Amino acid sequence: MTIPRPSTTASHVLRAFAIPLESDPHAASKARRTTRDTLTSWSLGDLADDMVLVVSELVTNAVQHGEGPIVMVLRQRFDTVLAEIADASPRLPVPHTQSTEGESGRGLSLVEAFTDDWGCRTQRSRKGKWVWCSRSLTARKEGARE
């Protein structure tokens, strides 16, 4: 995990999609559907399963441990796909040691396993935080050639 969020200046972003989500049990379902539809429309459907999994985990964390409204942003840059989840809580996520008996606590481990990088930052202009994760498109292209 790294703390700074990757640069998302307009010149680096090819496409972006943002959607507000209610902080309720249906938020993760809406985020999964939106992520799959968006990546498919961007011809990145082969990344959809992994990104749907991690977005679901991050939105679930925002609902369970965050506050207030949630925003999900998907961005395609030249070499990566970036998913960002914002909520109004300033508390940063903390990875937990997994227990084989526990029913929760695996979300950030899944995010780390299925993405190339992830991190979080507090929002400067208002209360809250962004939690983000990214997947390389370079590895995707190299894997397609093999």
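The values are calculated or read from the model by the stated rules, or taken from the named source; none is laboratory data. Bear in mind that the values here come from a model prediction, so they are computed numbers and not experimental data. Using ideal geometry, Cβ is built from the backbone for each residue, glycine included, and neighbour counts are taken over all protein chains shown. Side chains are part of the model used for accessible areas, which takes the heavy atoms of the whole protein and leaves out ligands, DNA and RNA. Shrake-Rupley method; radii C 1.70, N 1.55, O 1.52, S 1.80 Å.
Details
- Scanning the range 74-89 for residues that are open to solvent by less than 10 Å² (accessible area, probe 1.4 Å), of a type outside the set (D, E) and not in a loop (DSSP other than H, G, I, E, B) yields L74, V81, L82, A83, I85, A86.
- The lone exception for Q64 - which of (1) open to solvent by 70 Å² or more (accessible area, probe 1.4 Å); (2) modelled with pLDDT under 90; (3) part of a helix (DSSP H, G or I) it fails: (2)
- Residues being assigned to a loop (DSSP other than H, G, I, E, B) and either under 18 Å from S23 (Cβ atoms) or hydroxyl-bearing (S, T, Y) (or both) - total across the range 113-131: 6
- Filter pass, T40 being surrounded by fewer than 17 Cβ atoms within 10 Å (Cβ to Cβ) and in contact with a helix residue (DSSP H, G or I) (Cβ under 7 Å, 6 or more places away or on another chain): yes
- Residue in the range 116-138 that is among the basic types (K, R), modelled with pLDDT of 95 or more and exposed (fewer than 13 other Cβ atoms within 10 Å of the Cβ) present: no
- Every pair of residues 6+ apart whose Cβ atoms lie under 8 Å, when the first sits in the range 89-102 and is closer than 16 Å to P69 by Cα while the second is acidic (D, E) and at pLDDT 55 or above: S89/E67
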